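Shown next, in structure tokens, is the structure this report addresses.
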Amino acid sequence: VSPDGLAGSVFGEVVVQMPIFDWTVDVTTGDGKFYFHVDNKLNGMNLTRVHAEVITAGTTGTTDIQIANIDQAADMLTTKLTIDSTETGSDTAAAAAVIDTANDDVATNDVIRIDVDATSTTKAKGLICTLVFALP
């Protein structure tokens, strides 16, 4: 196995899971609902996959999530993570999240911010975001 082959496999990925809201708490809008410090193990890696999950689905409208790199002053998604009405995960969203390849890289000591830009009219409860990083 070559280093490049390993870096391009799931064994070269680093998965970061963040509980944004407790399981019984309504998801609310606002910037900085969670912050994540980039360790040196992630230095030079790119954000390659994202997922959001709620414990209890919201209804009417979507829950929209943006990921921002504070140190680069840039949003990392060109199409936000969305969880559709009555759904619990972003994997079934009508519009899939799109990672901005011009702003997908992270460096040691970057700070990543999770923003909730919209919520369903009947709020979802609990929110977990998963970010997957890999070497380019």
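In nm, to one decimal, how far is the residue 34 label point from the residue 94 one, both placed 7 Å along Cα→Cβ?
With each label placed 7 Å out from Cα toward Cβ, I get 2.6 nm.
Expressed as a rounded percentage, what relative contact order does the chain have, with Cα pairs under 8 Å and six or more residues apart?
RCO, the chain: 44 percent.
Taking the solvent-accessible surface of protein heavy atoms with a 1.4 Å probe, what is the per residue accessible area of the chain in Å²?
For the chain, the solvent-accessible area averages 49 Å² per residue.
Ordered by packing density, taken as the mean number of other Cβ atoms within 10 Å over each peptide's residues, highest first, how do 66-77, 12-23 rank?
So the peptides 66-77, 12-23, ranked by packing, come out 66-77, 12-23.
Taking H as built 1.01 Å from N, whose amide H comes closer than 5 Å to the amide H of residue 105, not counting residues under 5 places away?
47
For the chain, please report how many Lys pairs fall under 22 Å Cα to Cα, leaving out neighbours fewer than 8 apart on the same chain.
5
How many percent of the accessible area of the chain is carbon or sulfur, using a 1.4 Å probe?
Within the chain, the accessible surface is 53 percent carbon and sulfur.
Could you work out the percent of alpha carbon pairs in the stretch 29-92 separated by over 14 Å, rounded to a whole number?
Here the tail beyond 14 Å accounts for 65 percent of pairs.
Using helices alone, I'd like the mean residue ellipticity at 222 nm for the chain: each DSSP H run of four-plus residues gives -39500 (n - 2.57), total over residue count, nearest 500.
-500 deg cm²/dmol
What label, among (i) 15.1; (ii) 14.4; (iii) 18.2, belongs to Kirkwood radius over Cα pairs in Å computed from the structure on display?
From the options (i) 15.1; (ii) 14.4; (iii) 18.2, the structure gives (i).
Which value, in debye to the nearest 20, gives the size of the charge dipole of the chain about its Cα centre, when Lys and Arg are +1 and Asp and Glu are -1 at the Cβ?
Here the chain has a charge dipole of around 240 debye.
The values are calculated or read from the model by the stated rules, or taken from the named source; none is laboratory data. Please read all numbers here as calculations on a predicted model, not as lab measurements. Don't worry about glycine lacking a Cβ; one is built from the backbone with ideal geometry, like all the others, and counts go over all protein chains shown. Just so you know, the surface numbers come from the protein's heavy atoms only, side chains and all, with ligands and any DNA or RNA stripped out. Shrake-Rupley method; radii C 1.70, N 1.55, O 1.52, S 1.80 Å.
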